[in-house]
Structure formats: structure tokens, C-alpha cells
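Below: one structure, written as C-alpha cells.
The values are calculated or read from the model by the stated rules, or taken from the named source; none is laboratory data. Since we're looking at a predicted model, the values are computed, not measured. Backbone-built Cβ (ideal geometry, glycine too); neighbour counts: all protein chains shown. SASA here: full protein model, heavy atoms, side chains in, ligands and nucleic acids out. Shrake-Rupley method; radii C 1.70, N 1.55, O 1.52, S 1.80 Å.
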Amino acid sequence: MCLRSSSYTSPKPCKHLADYKLRHAFDGYDSLQNCLKTTPIGRTRVDNHNTKIPRCNFCNGYLGRLYICLMCSSISCSTHILLHTQSKSGHDVAIDIERSELYCCLCCDQVYDPDFDKVVVSEQIKGSCPGRSNKRRRLDSGMELDLKKSKRLIAMRDGRAKSCYPLGLRGLNNLGNTCFMNSVLQALLHAPPLRNYFLSDHHNRDECKRRYGEKLCLLCEIGALVSAMFSGDRSPYSPAQFLYSWWQHSSNLASYEEQDAHEFFISVLDGIHEKESKVRNSSKDDGDCQCIAHRAFSGSLRSDVTCTICGFTSTTYDPCVDVSLNLDTVNLSAAEKTGLSTLSGCLNLFTRAERLGSDSKLHCQNCQELRDTSKQLSISRLPLVLCLHIKRFEHSLIQKTSRKIDQYLQFPFALDMTPYLSSSIVRSRFGNRIFAFECENSDSSAEYEIFAVIAHSGMLESGHYVTYLHVNNQWYKCDDAWICEVDEGIVRASQCYMLFYVQKLLYHKANKDLSCNASVESR
């Protein structure tokens with residue numbers, strides 16, 4: 001549900017500003033528009049055309065806060081701004097030169113006016129629509145990963161199965177090029193909301209009508225799989241019945257050929273959604289869907305498309321079950337493309353405003369004609385379980401070629417998504433002018449802990465998927481039927497393809513519940 005944040009409310013209107021607008025309307029705003037300048041860091045300030053360095057007309061000082069009068073363009077410092085108002089009747093409203101914010105000289109406080117902000121934001125948008133930077137950010141040397149050292153850690157502690165492994169760790173037999181399926185299932189079945197849903201028997205297999213035409217019930221098979229994984233049996237399990245059920249729901253992917261793990265992940269969530277929608281007779285879209293797939297994984301993306309001529313912004317919201325991130329290799333040489341990137345860099349790239357090409361002009365509702373635009377994505381609502389998909393496979397329609405990007409990605413085990421929320425993105429761009437966000441989930445945590453990593457090794461045509469699970473402060477490698485403990489250095493050195501994070505509070509609660517279940521089992 002979209003909530004309005006109670007932390008951001010419009011300030012009370014200022015009587016002196018209201019009197020000014022009543023007498024002069026927008027005359028001062030219109031004349032100001034020619035004096036606004038966008039700085040290299042994206043802020044908008046008032047550019048005084050008379051002098052290069054603005055100075056106070058009373059003391060000739062240039063340090064500290066300086067204000068320009070809306071009536072006469074006289075400049076005063078914070079010490080003498082009241083003196084200027086007292087000496088000239090009606091000169092009550094000024095503008096902070098550095099911040100482009102309205103200031104009431106009689107109230108001695110910043111004041112807010114949406115009409116003024118429209119002028120400033122419009123100019124800021126026209127002057128700060130960024131293109132792609134050609135410079136690659138250098139990584140902090142303290143954060144660099146010694147890949148040679150990590151490769152030496154490939155020798156694992158113990159390849160033998162252990163009876164002391166946490167409950168739920170069980171190998172899955174490869175049924176013929178099904179490592180893509182096994183890797184995703186290991187991650188899905190250890191996602192706390194999904195795991196708890198089936199362990200709590202919310203989808204009762206005995207009561208569920210098993211067949212719809214020729215199709216098996218995918219939810220029943222997932223429930224059977226969860227029961228088998230958490231039964232305490234350590235011998236590898238063969239998910240043949242689930243595979244057959246999935247084939248019935250996704251006939252276009254029904255083959256013994258290797259499939260893409262991300263495509264399989266989306267397919268399974270779609271299958272869960274389709275089945276539960278039929279059971280619930282629900283016609284709601286994904287944004288309000290109450291199926292377990294969307295309750296666990298569904299978030300919302302905000303897209304702002306802005307006209308670079310008039311500054312009009314069209315905002316849309318789209319539901320999503322994952323976030324696909326590019327590894328920024330467009331401007332790198334062939335030698336650099338085998339280097340190291342960071343997850344924060346990928347997220348910054350995802351939420352960065354980018355000017356669309358001249359061949360992608362869109363119709364502006366304000367200008368009523370095709371205009372150049374810029375587009376910026378941000379996350380308006382976070383899910384309980386955050387899935388980040390790293391785009392490692394490139395496909396060229398022109399050259400009809402495909403390749404894998406072997407670039408390593410440095411990712412944190414604890415992730416704060418606050419900088420990538422719509423509220424943070426918009427406020428960082430326009431300052432404190434934006435006071436409320438319709439789809440801001442103020443009651444949701446933005447702090448996440450990692451619990452699963454799906455990695456891809458090898459070539460595009462002959463690769464292999466494995467999953468690393470973080471359970472009870474220990475990493476485990478799930479390689480089809482084999483489960484073994486690994487050091488975190490091995491996880492960090494892997495070529496991650498999908499990263500699974502869960503909200504921090506839910507993560508610690510899930511680990512606590514799992515420990516309690518393990519204690520009961522051992523008695």
C-alpha cells in the first residue's frame with residue numbers, strides 16, 4: 001500500500017509572501033528565471049550578472065549567507081537583510097543566492113512556495129540532464145579484492161556430507177542439465193517468507209485440487225519439495241515431479257537443455273501467481289496481489305521522464321519482482337572488462353538520470369509536441385526479499401552474437417537501500433523542495449542481509465550454476481547433490497549472477513526460528 005510519509009509536510013504559508021504575490025503576482029519569479037544557474041554538482045543558485053562575486057551592499061562582505069531582494073535585486077548579508085527591509089517598505093521577501101530558496105526578512109526564516117519551486121526546478125532540470133560519464137570511478141584501494149588470494153581459497157574445508165548441517169540443507173540431484181533449476185530452488189526455498197508459507201501448510205496439498213486439465217499443481221509440488229528439504233533427511237533429493245509440473249506450466253521451456261537461471265526464477269514466480277490467483281479468484285494486478293510470490297518479492301519502481309525544454313515530469317510506477325543491473329562495461333577496454341566492479345556502482349548506474357537519444361523523443365503533455373527527454377529510475381517500494389539480477393550475458397541483435405561478461409562484482413553482505421529509494425533520489429536532486437512522496441513505504445526497512453548467491457562459472461554455452469547459502473553465520477555451497485561448508489572469501493570471489501537479500505529484522509528472526517527447529521529435531 002502506498003503511504004504518505006508523515007515526516008515531510010508543507011510549511012505553513014507566510015503572510016508576507018502572500019501579500020507580495022497578491023501585489024506583484026509572478027513578476028519577481030519571471031525576472032529571476034534569467035538569473036538562475038545550475039552548478040556542476042546539480043544545484044541551482046542565483047547568478048548575479050553585475051559582479052562575479054556577490055557582496056553585501058551594506059558591509060561589502062561576501063562570506064556567509066547572502067540574499068537578493070525580489071523587489072530591487074539589492075544584495076544583503078544575513079546581518080543586514082533586516083536593515084534593508086526596514087529601510088524600504090514592501091521589500092520583505094528575498095532569495096538565498098547559494099540555495100535558491102525563498103527567505104522572509106520579517107519572519108527571519110525560509111518560506112515555501114510551490115510556484116517558486118516550479119521555476120527553480122524547471123531551470124535545474126534543463127541545466128542538469130546528465131549524459132553518461134566516460135570516466136570509470138576508481139575503487140577504494142582498501143575495498144579491492146585480492147583475486148589471486150581468493151582463488152587459493154577454492155580448496156574447501158570438508159567435501160563430505162555432515163549430519164550437523166542446519167535443517168533445510170539438502171542436495172538436489174541433477175536430472176540432466178538442471179543445475180539452473182537446482183540453484184534457484186535452493187535460494188527460493190531458503191527465502192524466509194516463502195519457506196514459512198509452505199512449512200505452515202498455507203497451501204494444503206490434501207485439500208488442493210491437484211489437476212487443472214492436464215496440468216499439475218505447481219504449488220503442491222513446491223510444498224512437497226519444501227517438506228522434503230526440511231524433513232531432516234540428508235540424502236540428495238530428486239525434484240523430478242516438480243520439474244514435470246514446471247514443464248506443464250512453462251511448455252516453451254520444457255526440454256533437457258540448459259536454461260537461464262533468472263528466466264527460470266521469473267517463470268516459477270509467475271506459476272505461483274497464476275495458481276494462487278485462480279484459487280483466490282483475484283483479478284488484482286501485481287502491485288496489490290496477495291499471492292505469496294508477490295508478498296515476498298514484489299516491489300515497485302518509479303520512472304521519471306522529464307522534458308528538457310519545459311521541465312515537465314511524467315511519473316509512472318511499475319511493480320517488479322527483481323531488479324536487473326548492468327555491469328558498466330560500455331566505456332571500458334577489453335583488458336579492463338575482466339576487472340572488478342561494485343554493487344553500489346551498479347545501483348548508482350541504475351538510478352542515474354540519463355538523457356534519451358534524439359531518436360527517442362517523447363510527447364510532452366505541457367509542450368504538446370515531441371521533445372528530448374531524460375529518464376531516471378528509482379525504487380519507490382522495497383520488497384521483503386530483494387533479488388538483484390546481474391546482467392552477465394550480452395546479446396547483439398545486429399551482430400547476432402552472444403557473450404558472457406566475466407567481470408567480478410564486489411557486493412556487501414549487509415546492504416542499505418536507502419540511497420536508491422525514490423525519496424532519496426528526488427530529494428538529492430532538488431533539495432528540500434519535495435516534501436511528500438505518494439508511494440514511499442515509510443514503515444518498511446531499507447536494511448538488508450544477504451542469504452543466497454547464485455553464481456555462474458564457465459562459458460556461455462557450457463556453464464554451470466551453484467548456490468551459496470548463508471545459514472547460521474556459515475556459508476554453504478550447494479552444487480547440485482553436494483553440500484559443503486565454504487569460506488566467505490570463496491563466495492566473494494564467485495561470479496555472482498543473482499543476489500538474494502532479505503530485510504534485516506526478518507533475517508534474524510528466520511535464523512532464530514531455524515535454530516529452534518534444529519534443537520527440537522536433535523532431541
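Determine whether residue 89 is open to solvent by 80 Å² or more (accessible area, probe 1.4 Å), modelled with pLDDT of 85 or more, not β-branched (Val, Ile, Thr) and not in a helix (DSSP H, G or I).
When the stated conditions are applied, residue 89 passes them.
Looking at 316, 373, which one is at pLDDT 80 or above, farther than 30 Å from residue 453 by Cα, open to solvent by 60 Å² or more (accessible area, probe 1.4 Å) and among the hydroxyl-bearing types (Ser, Thr, Tyr)?
316
Here's the yes/no breakdown for (1) modelled with pLDDT under 90; (2) not in a helix (DSSP H, G or I):
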{"residue": "448", "(1), (2)": "no, yes"}
{"residue": "453", "(1), (2)": "no, yes"}
{"residue": "460", "(1), (2)": "yes, yes"}
{"residue": "464", "(1), (2)": "no, yes"}
{"residue": "468", "(1), (2)": "no, yes"}
{"residue": "491", "(1), (2)": "no, no"}
{"residue": "498", "(1), (2)": "no, yes"}
{"residue": "512", "(1), (2)": "yes, no"}
{"residue": "515", "(1), (2)": "yes, no"}
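Pull out all pairs, ordered by first then second residue, where Cβ-Cβ is under 9 Å, the residues are six or more apart or on different chains, the first lies in region 452-470 and is within 14 Å of residue 177 (Cα to Cα), and the second is at pLDDT 95 or above and open to solvent by 30 Å² or more (accessible area, probe 1.4 Å).
Matching pairs, first to second residue: 466/477.
Would you check if residue 418 is open to solvent by 10 Å² or more (accessible area, probe 1.4 Å), at pLDDT 90 or above and in contact with a strand residue (DSSP E or B) (Cβ under 6 Å, 6 or more places away or on another chain)?
no
Might you let me know whether region 278-286 holds any residue that is in a helix (DSSP H, G or I), closer than 14 Å to residue 178 by Cα, at pLDDT below 90 and over 27 Å from the mean Cα position of the chain (by Cα)?
no
Conditions first: (1) loosely packed, with under 14 Cβ neighbours inside 10 Å; (2) under 34 Å from the mean Cα position of the chain (by Cα); (3) modelled with pLDDT of 85 or more. Residue 231 passes all but one, so which condition is the exception?
Residue 231 satisfies every listed condition except (2).
Considering only region 344-364, I want to know if a residue exists there that is assigned by the TED database to the domain that holds residue 448, within 20 Å of residue 266 (Cβ to Cβ) and either in contact with a Lys or Arg (Cβ under 8 Å, 6 or more places away or on another chain) or modelled with pLDDT under 95 (or both).
Within region 344-364, one or more residues are assigned by the TED database to the domain that holds residue 448, within 20 Å of residue 266 (Cβ to Cβ) and either in contact with a Lys or Arg (Cβ under 8 Å, 6 or more places away or on another chain) or modelled with pLDDT under 95 (or both).
If a residue has to be outside any loop (DSSP other than H, G, I, E, B) and surrounded by fewer than 14 Cβ atoms within 10 Å (Cβ to Cβ) to count, how many in region 341-370 make the cut?
Going through region 341-370 one residue at a time, the tally reaches 6.
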